[in-house]
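The values are calculated or read from the model by the stated rules, or taken from the named source; none is laboratory data. No experiment lies behind these values; they were computed from the predicted model shown. With ideal geometry, Cβ positions are generated from the backbone for all residues, glycine too; neighbour counts draw on all protein chains shown.
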Amino acid sequence: MKKVLFFAAILMIGLASCANAEQRKLNRMTEAVKDVLTTDAFRDNATIEFFEFTPIRYEVVSINRLDTLTLLNLWDELYYIYDMSEVLAQRVELNHQRVRNYAALRWHDFAERAQREVERDADAMRELLERFSRLNREDSIIRANITNRANSENIYLFTAFVKATGTDNNSGRTENILDTIQAFLNKDMVVLRPRAFEDFD
């Protein structure tokens, strides 16, 4: 009987220490995410006041999930560039037509102005296409990284409920936040973010 009680006591102590370790990990994640949100607000000349920040859970996931979110951000930008290049191509064609029409009427000043617009839009289109090429190369690199990772690094996906108010210090405008948020963290409890398209330039 003493042996059974002894093993039960050890089991209870083990379970309690596991629960404490899990709670400490959640607490570290909570502090890391709150710190990032506060720092981001400060960078944007804003303040954030937390009324509630309740950790819900965390799970261990592959870093490929983070790269997949980066790909989604990249694709948003690629679609935007594609749409903008179509708009610019239509404007270039329209202004080419205007140049021809003005030249036929011998309205040289108008023709020159339209030609300058053609050149400006053509330059903008070239810049967009160069950006598209760079982002497309980055897309290929990220896809190759995801595919070639034999044993991808594991990271944490943290979920918490947040009730807070953000205030823009410039305008005084406030925004209430009442939502569930998620954040990726590495083993050192550093918050990881999917890269936004601005990061690719």
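Assorted remarks:
- Residue satisfying all of: in the range 135-162; over 20 Å from Val60 (Cα atoms) and in contact (Cβ under 8 Å) with a residue 60 or more places away in the chain; surrounded by the fewest Cβ atoms within 10 Å (Cβ to Cβ) among these: Arg143
- Remark: pairs (first residue in the range 163-187, surrounded by fewer than 10 Cβ atoms within 10 Å (Cβ to Cβ); second residue modelled with pLDDT of 90 or more; Cβ separation under 8 Å; 6+ apart in sequence or on different chains) = Asn170/Asn45.
- Among the candidates Arg91, Arg116, Arg65, Arg106, the residue that is on the phi < 0 side of the Ramachandran plot, among the basic types (Lys, Arg), without any contact (Cβ under 8 Å) to a residue 12 or more places away in the chain and surrounded by fewer than 18 Cβ atoms within 10 Å (Cβ to Cβ) is uniquely Arg116.
- Residue match in the range 38-48 (condition: over 22 Å from the mean Cα position of the chain (by Cα), part of a helix (DSSP H, G or I), surrounded by 12 or more Cβ atoms within 10 Å (Cβ to Cβ) and at pLDDT 90 or above): no
- Within the set Asn20, Asn73, the sole residue that is out of contact with any strand residue (DSSP E or B) (no Cβ under 7 Å at 6 or more places or on another chain) and outside the structural domain of Arg173 (by TED's automatic domain parsing) turns out to be Asn73.
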